[in-house]
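The structure under discussion appears below in the form of structure tokens.
The values are calculated or read from the model by the stated rules, or taken from the named source; none is laboratory data. Just so it is clear, the structure is predicted and the values come from calculations on it, not from any experiment. Heads up, the Cβs are rebuilt from the backbone with ideal geometry, glycines too, and the neighbour counts pull from every protein chain shown.
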Amino acid sequence: MIEVEGLTRRYGDFTAVDGVSFRVERGEVVGFLGPNGAGKSTTMRILCGCIGASGGVARVAGHDVMEASAEVKRRIGYLPEVPPLYPAMPVRDYVVFAAQMRGVKDPIQAADRALSRVGLADVGGRIIDHLSKGYRQRVGLAQALVHDPEVLVLDEPTSGLDPAQRKEIRDLLLELAAGERTVILSTHVLAEIEAVCERVIIINRGRVVAQDSIASLASAAFHTRLRVSRPADDFAERVARIDGVTAVHTETDGAWRVVASRDVREYLAAAAVPFGLTELSAARGLEDVYLELTAGRVGAA
């Protein structure tokens, strides 16, 4: 459904997107992760035909984003981080307008259907500026859905929302993602990625640094939290010499996080007991992977 090959975007001497390549199949729900300034929003804007690329190719349903921009836009629903709303317009009028701009045959019916889908059927007559931020996000989703697109590209759809509002939007995304709709979701809230997405693409400094299922990324290495009460000066070096250990990181709370290519907890326990072992627990998740790939070592022992 989506094919990106060697995508590049430069702003003068600065390269925001540097040779990005990935595929998203029909019906997949994929999380697009990366720190601020990593190139996520730029990549998404290129995919949606909002800006051009300096190099590489992006295709949606076989259509080149640059050469067949109008055809691609008919197939994509895009919600940027700041929804493109007209605050003075009533909700229903705005979504009807969005449908007209999309060339929908029956814009009124399409608008009513989109508003019902996002839970706004009862507020169609209200002025957008009078709505809460959570409801304004829903209006943004309605405009992205009004033409019933095959692909949804959502950039930080829960940005700035409180926990209750985030849950509402997350539940809505789960409903929208069901079936054959393809979804790319960018967010800094990793719990949302784990709840909604099947696979993640992690980008850092304009380059893809990982792309796989969440389960595969989380199990790519064994991570163990280790703490002792009487560490020797060379304790970390002793741990690092255990067969299978590939890295030893110092956590901010004084514990160590040991990365290994196999389960070495038995050997860690044997090495740590003489120094007052107080904690030995498995620790591995999407957050660990994300931090390693985008921020490097937390601090080397």
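Restricting to region 4-28, name every residue that is part of a strand (DSSP E or B) and over 13 Å from Ile201 (Cβ atoms).
Glu5, Gly6, Thr8, Arg9, Arg10, Tyr11, Phe14, Thr15, Ala16, Asp18, Gly19
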### Query
Identify, please: which residue in region 189-198 is more than 16 Å from Leu141 (Cβ to Cβ) and touching a residue at least 60 places away in the same chain (Cβ under 8 Å) and is, among those, surrounded by the most Cβ atoms within 10 Å (Cβ to Cβ)?
Cys197
### Message
Out of the residues in region 25-34 meeting the condition of being out of contact with any Asp or Glu (no Cβ under 9 Å at 6 or more places or on another chain) and surrounded by 16 or more Cβ atoms within 10 Å (Cβ to Cβ), tell me which one is farthest from Val151 (Cα to Cα).
### Response
Gly34
### Query
Just checking, how many residues over region 136-155 are crowded, with 20+ Cβ neighbours inside 10 Å and in a loop (DSSP other than H, G, I, E, B)?
2
### Message
Looking at Ala38, Ala58 in this structure, which one is in the same structural domain as Leu176 (by TED's automatic domain parsing), among the small types (Gly, Ala, Ser), surrounded by 15 or more Cβ atoms within 10 Å (Cβ to Cβ) and part of a strand (DSSP E or B)?
### Response
Ala58
### Candidates Asp129, Asp148, Asp155, Asp122, filtered to the one that is assigned by TED's automatic domain parsing to the domain that holds Gly37 and on the phi > 0 side of the Ramachandran plot
Asp148
### Task
Spot the failing condition for Lys40; the list is (1) charged (D, E, K, R); (2) over 30 Å from Tyr11 (Cβ atoms); (3) touching a Phe, Trp or Tyr at 6+ places or on another chain (Cβ under 9 Å), and only one is missed.
(2)
### Query
What is the number of the single condition among (1) surrounded by 19 or more Cβ atoms within 10 Å (Cβ to Cβ); (2) assigned by TED's automatic domain parsing to the domain that holds Lys167; (3) modelled with pLDDT under 90; (4) hydrophobic (A, V, I, L, M, F, W, C) that Ile184 does not meet?
(3)
### Message
Is it the case, given these coordinates, that Gly124 is surrounded by 16 or more Cβ atoms within 10 Å (Cβ to Cβ) and over 22 Å from Arg181 (Cβ atoms)?
### Response
yes
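How many residues are in contact with a Phe, Trp or Tyr (Cβ under 7 Å, 6 or more places away or on another chain) and not in a helix (DSSP H, G or I) if we restrict to region 172-191? Quick ask: steps written out before the conclusion?
Let us first name the residues in region 172-191 that are in contact with a Phe, Trp or Tyr (Cβ under 7 Å, 6 or more places away or on another chain), namely 184-186, 190.
Retained after the next criterion (residues that are not in a helix (DSSP H, G or I)): 184-186.
Total meeting the criteria: 3.
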### Query
Among the residues of region 199-240, which ones are among the basic types (Lys, Arg), under 30 Å from Thr278 (Cα atoms) and not in a strand (DSSP E or B)?
Arg230, Arg238
### Summary
Of the residues in region 31-82, those that are closer than 27 Å to Arg170 by Cβ and among the basic types (Lys, Arg) come to Lys40, Arg45, Lys73, Arg75
### Message
Please determine whether any residue of region 87-102 is part of a loop (DSSP other than H, G, I, E, B), modelled with pLDDT under 95 and of a type outside the set (S, T, N, Q).
### Response
yes
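Each row is one residue, and each column tells you yes or no for (1) without any contact (Cβ under 8 Å) to a residue 60 or more places away in the chain; (2) touching an Asp or Glu at 6+ places or on another chain (Cβ under 8 Å); (3) under 22 Å from Ser216 (Cβ atoms); (4) not assigned by TED's automatic domain parsing to the domain that holds Glu192.
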site: Pro231; (1), (2), (3), (4): yes, no, no, yes
site: Ile242; (1), (2), (3), (4): yes, no, no, yes
site: Val245; (1), (2), (3), (4): yes, no, yes, yes
site: Thr250; (1), (2), (3), (4): yes, no, no, yes
site: Asp263; (1), (2), (3), (4): yes, no, yes, yes
site: Glu266; (1), (2), (3), (4): yes, no, no, yes
site: Ala270; (1), (2), (3), (4): yes, no, no, yes
site: Pro274; (1), (2), (3), (4): yes, no, no, yes
site: Asp288; (1), (2), (3), (4): no, no, yes, yes
